[in-house]
Amino acid sequence: MTAYGNIAAFYDLMAGEARTRASGALVARLGHLPPGVVIDVGAGTGIATSALAEAYPGHDILAVEPDAAMRIALLSRLSAAGDGWRRVSVDPRPIADIALSDPVAGVLLAASLVHFAPPARQALWSMLDGRLAPGGCAVIELQAMEAVDVPSSRFGLRDQGKVRYEGWMRAQVESPDTMRWTIRYLACEGGAILEEAEASFTCWVCAPATALSELANFEQLRARVDGDVLTVWR
Ligand SMILES: C[S@@+](CC[C@H](N)C(=O)[O-])C[C@H]1O[C@@H](n2cnc3c(N)ncnc32)[C@H](O)[C@@H]1O
């Protein structure tokens, strides 16, 4: 499973702006959707879920998020949003464990495909093939398209009151298909560290050619990659 428990508290503060921008662009690619449920796979703190709820006011939304710490932020976001978002359900199980019954109009994976090992990815493509309604669409951020070492760099810096927050990340190649990503957050005041949190996890690489050749096995699906975004239609 995932390793966000340690670092979930920092996610929106450090990555919120960038993830809001990325999610908006990803949701826009889903376009017009047929009737059915729209699924946010790996909803995290709900940044993209909010974008989906706003973009698709007539659709039920299913936010799938197995990490309990991320779900605290997700459910808080939903409870603050009021009655208009009562149609958003949250499921705490990994997507492969959910028996979907409604037609699936749209599927979004924003920064979550890296958690899917090849068999899990295969199960995801099968789910799209079996459940996506005619005219339905899935938009998937590939994010890690080759295994490369990434030296430690700061991706977030924010003063919140008297506390300065910093987000750092690095990655090491583990195998041709995996990298070890390490994310580290610091909260400092007056030069002293108040809190330090680190999470490390295996991230699965999926090159555009790999995704397209895996999806070519499914007759009902068509797929295209633009930059780091994979779009799949039925
Ligand atoms: C980097 S976060 C992305 C959160 C959000 N989509 C965003 O763009 O900010 C990746 C999320 O995927 C979730 N995840 C990992 N494996 C999953 C699975 N098998 N099914 C559903 N979600 C999963 C993790 O718990 C984590 O919250």
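The values are calculated or read from the model by the stated rules, or taken from the named source; none is laboratory data. Worth saying up front: this structure is predicted, and the values here are computed from it rather than measured. Quick reminder, even Gly has a Cβ in these numbers, built from the backbone with ideal geometry, and neighbours come from all protein chains shown.
Please state which one of 108, 124, 128 is out of contact with any His (no Cβ under 9 Å at 6 or more places or on another chain), assigned by TED's automatic domain parsing to the domain that holds residue 53 and assigned to a strand (DSSP E or B).
Only one candidate passes the filter, namely 108.
Collect the residues in region 52-86 that are in a helix (DSSP H, G or I), within 21 Å of residue 114 (Cα to Cα) and of a type in the set (D, E, K, R), keeping them in residue-number order.
Passing the criteria: only 71.
Name the residues in region 124-146 that are without any contact (Cβ under 8 Å) to a residue 60 or more places away in the chain and either surrounded by 15 or more Cβ atoms within 10 Å (Cβ to Cβ) or within 17 Å of the chain's Cα centre (by Cα) (or both), would you? Show your work before the answer.
Step one: list which residues in region 124-146 are without any contact (Cβ under 8 Å) to a residue 60 or more places away in the chain, which gives 127, 130-131.
Matches in region 124-146: 127, 131.
Determine which single condition residue 153 fails, assuming it passes every other condition in (1) free of Cβ contacts under 8 Å to residues at least 24 places away in the same chain; (2) polar (S, T, N, Q); (3) surrounded by 14 or more Cβ atoms within 10 Å (Cβ to Cβ).
It is condition (3) that residue 153 fails.
Let me confirm something: among 49, 45, which residue is part of a loop (DSSP other than H, G, I, E, B), under 14 Å from the mean Cα position of the chain (by Cα) and not hydrophobic (A, V, I, L, M, F, W, C)?
Numbers: 49 fails: part of a loop (DSSP other than H, G, I, E, B).
The unique qualifying residue is 45.
Mind checking which pairs have a first residue in region 84-104 that is more than 15 Å from the ligand (Cβ to nearest atom) and a second that is modelled with pLDDT under 95 and not in a strand (DSSP E or B), Cβ under 7 Å, 6 or more apart or different chains?
Filtered contacts from region 84-104: no entries.
Mind listing whichever residues of region 87-105 are under 16 Å from residue 46 (Cβ atoms) and either in a loop (DSSP other than H, G, I, E, B) or in contact with a Gly (Cβ under 7 Å, 6 or more places away or on another chain) (or both)?
Correct list: 87, 92.
If residue 74 passes every condition in (1) in contact with a strand residue (DSSP E or B) (Cβ under 8 Å, 6 or more places away or on another chain); (2) more than 10 Å from the ligand (Cβ to nearest atom); (3) over 30 Å from residue 219 (Cα atoms) but one, which one does it miss?
Every listed condition holds for residue 74 apart from (2).
I'm trying to understand the selection: among the residues of region 23-50, which are within 10 Å of the ligand (Cβ to nearest atom) and under 25 Å from residue 135 (Cβ atoms)?
In the first step, residues of region 23-50 are kept if they are within 10 Å of the ligand (Cβ to nearest atom); the result is 23, 26, 39-49.
Selection gives 23, 26, 39, 40, 41, 42, 43, 48, 49.
Just to be sure I understand, how many residues within region 2-24 are within 13 Å of residue 52 (Cα to Cα) and either polar (S, T, N, Q) or in contact (Cβ under 8 Å) with a residue 40 or more places away in the chain (or both)?
Count: 3.
Considering every residue within region 214-230, establish whether at least one is touching a residue at least 24 places away in the same chain (Cβ under 8 Å), out of contact with any Pro (no Cβ under 8 Å at 6 or more places or on another chain), assigned to a strand (DSSP E or B) and assigned by TED's automatic domain parsing to the domain that holds residue 96.
yes
Report the residue count in region 33-83 for those that are among the β-branched types (Val, Ile, Thr) and either farther than 23 Å from residue 96 by Cα or not assigned by TED's automatic domain parsing to the domain that holds residue 124 (or both).
0
Which one of the conditions (1) modelled with pLDDT under 95; (2) within 10 Å of the ligand (Cβ to nearest atom) does residue 64 fail to meet, given that it meets all the rest?
Among (1) modelled with pLDDT under 95; (2) within 10 Å of the ligand (Cβ to nearest atom), the lone unmet condition for residue 64 is (1).
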